[in-house]
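Engineer: Take a look at this one; I'll ask things after.
The values are calculated or read from the model by the stated rules, or taken from the named source; none is laboratory data. Source: prediction; values computed, not measured. Neighbour counts run over all protein chains shown; Cβ positions are idealised from the backbone, glycine included.
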Amino acid sequence: MRLIRVFFAKKDRAKYISHLDLTRCMTRAFARTDIPAWFTEGFNPHVYMTFALPIPLGFEGLRESFDFKLREDDFPLDRVGEQLNAALPPDIRVLEAAAAVMKPEAIRWADYRITLHEPAGGETLAADWERLLARPAIPVEKKTKHKTQEVDLRPLVTQLGCQAEGESLTLDLRLPGGGAMNLNPNLLLGALWADRGGEAEYTQVVRTAILTGELAPFA
């Protein structure tokens, strides 16, 4: 039995699928294939799947991943992607299936491309963003299942790029991700909306990469 890591993209309309629905979607896709996946035992058997860093509702992901157990060691991994793609909706595409190399605990960072759009223009949005980053601290309330705590976002944000063009502003950011610390970009956007007194007309968030503590791609 082998632990296989499936890398996939979740884009366009699929961003409105919650993590629970994504899991159901993948489960139903497996049921339409002859992939010899290992099923859990019990009253309601289902394909064993674990997602290292589930993507929030409303976000697109260029290279997400989940793990499953393959019962037959000689089953060709290229057929995993072929068969799943034949059963999945067009906005969810398997990119690659390979033997899992790293443990999920290795994940420490995630890169995002955030595009903001409004008639006031990208330069205005850029000025608002730069004013937020210039603050010595960006305190927000971060809620978990068990508690609410105040977190200073400013030292957690690494800006990789900032480009204003026309009515849009595109931000490339690196934020903490993984079990040790996971920062949802919505917390940062919420601080921006509060600081400027209103949301942008349109917002797109794309997770472009999931990285280890050494900034290597998660594999």
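Engineer: Can you tell me which residues in region 210-219 are more than 13 Å from residue 52 (Cβ to Cβ) and in contact (Cβ under 8 Å) with a residue 24 or more places away in the chain? Break it down into steps so the answer makes sense when it comes.
Structural biologist: So in region 210-219, the residues more than 13 Å from residue 52 (Cβ to Cβ) come out as 213-216.
Result: 213, 215.
Engineer: Another one. Among the residues of region 21-49, how many are hydroxyl-bearing (Ser, Thr, Tyr), part of a helix (DSSP H, G or I) and within 18 Å of residue 76 (Cα to Cα)?
Structural biologist: We begin by selecting, within region 21-49, every residue hydroxyl-bearing (Ser, Thr, Tyr); these are 23, 27, 33, 40, 48.
From what's left, part of a helix (DSSP H, G or I): 23, 27.
From what is left, the residues that are within 18 Å of residue 76 (Cα to Cα) are none.
Counting residues in region 21-49 that are hydroxyl-bearing (Ser, Thr, Tyr), part of a helix (DSSP H, G or I) and within 18 Å of residue 76 (Cα to Cα) gives 0.
Engineer: Filter region 118-134 down to the residues that are under 15 Å from residue 200 (Cα atoms), part of a loop (DSSP other than H, G, I, E, B) and out of contact with any Phe, Trp or Tyr (no Cβ under 8 Å at 6 or more places or on another chain) and list them by number.
Structural biologist: 119, 120, 121
Engineer: While we're here: Checking the structure you have, find out if any residue of region 164-181 is loosely packed, with under 15 Cβ neighbours inside 10 Å and under 16 Å from residue 117 (Cα atoms).
Structural biologist: Residues of region 164-181 loosely packed, with under 15 Cβ neighbours inside 10 Å: 165-166, 179-181.
Those left that are additionally under 16 Å from residue 117 (Cα atoms): 165-166.
Yes, that holds for at least one residue.
Engineer: List the pairs whose first member sits in region 23-49 and is in the same structural domain as residue 71 (by TED's automatic domain parsing) and farther than 12 Å from residue 86 by Cα, whose second member is of a type in the set (Asp, Glu) and loosely packed, with under 14 Cβ neighbours inside 10 Å, and whose Cβ atoms are under 9 Å apart, counting only residues at least 6 apart or on separate chains?
Structural biologist: Between residues of region 23-49 that are in the same structural domain as residue 71 (by TED's automatic domain parsing) and farther than 12 Å from residue 86 by Cα and residues that are of a type in the set (Asp, Glu) and loosely packed, with under 14 Cβ neighbours inside 10 Å, the close pairs are 36/72.
Engineer: State the number of residues belonging to region 140-196 that are among the acidic types (Asp, Glu) and in a helix (DSSP H, G or I).
Structural biologist: First pass over region 140-196, keeping only residues among the acidic types (Asp, Glu): 141, 150, 152, 165, 167, 172, 195.
Then drop every residue that is not in a helix (DSSP H, G or I), which leaves 195.
Qualifying residue count for the region: 1.
Engineer: How many of the residues making up region 89-112 are assigned to a loop (DSSP other than H, G, I, E, B), touching a strand residue (DSSP E or B) at 6+ places or on another chain (Cβ under 9 Å) and loosely packed, with under 14 Cβ neighbours inside 10 Å?
Structural biologist: Final tally of qualifying residues: 1.
Engineer: If you check residue 137 against the conditions, is it touching a Lys or Arg at 6+ places or on another chain (Cβ under 7 Å), small (Gly, Ala, Ser), over 24 Å from residue 9 (Cα atoms) and not in a strand (DSSP E or B)?
Structural biologist: yes
Engineer: Any residue at all in region 204-213 that's farther than 18 Å from residue 59 by Cβ, surrounded by 15 or more Cβ atoms within 10 Å (Cβ to Cβ), touching a Lys or Arg at 6+ places or on another chain (Cβ under 7 Å) and at pLDDT 95 or above?
Structural biologist: Yes, that holds for at least one residue.
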